[in-house]
């Protein structure tokens, strides 16, 4: 609950974003959703494997889901790292918090 309170305060600050920061924010939200989907797929693969009841076909299906979900998560993590490097370290995507009276709240990207 404290995080949500902080998030509400942060949204009310009306912080102006640069173009690169908007792209960074958009991409991180999408990658977060993809990561959650990957974790969900791993859970599904484990569930299929555990409820296989000795059926070799279902065991193999559960293993395949786990393998592909893991590969997908690795790709998502690598793309997140590359995106962060390009947008933040190379182009300097930051949020302008100097003119809004942010009451000491500074968001570090």
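The values are calculated or read from the model by the stated rules, or taken from the named source; none is laboratory data. As the structure is a computational prediction, the values presented were derived from the model and not from experiment. When we count neighbours, we look across all protein chains shown, and the Cβ atoms used for this are built from the backbone with ideal geometry, even at glycine.
General remarks:
- Among the residues making up segment 66-98, none is over 21 Å from residue 24 (Cα atoms) and either part of a loop (DSSP other than H, G, I, E, B) or modelled with pLDDT under 90 (or both).
- Unmet criterion (only one of (1) exposed (fewer than 13 other Cβ atoms within 10 Å of the Cβ); (2) at pLDDT below 95) for residue 15: (1)
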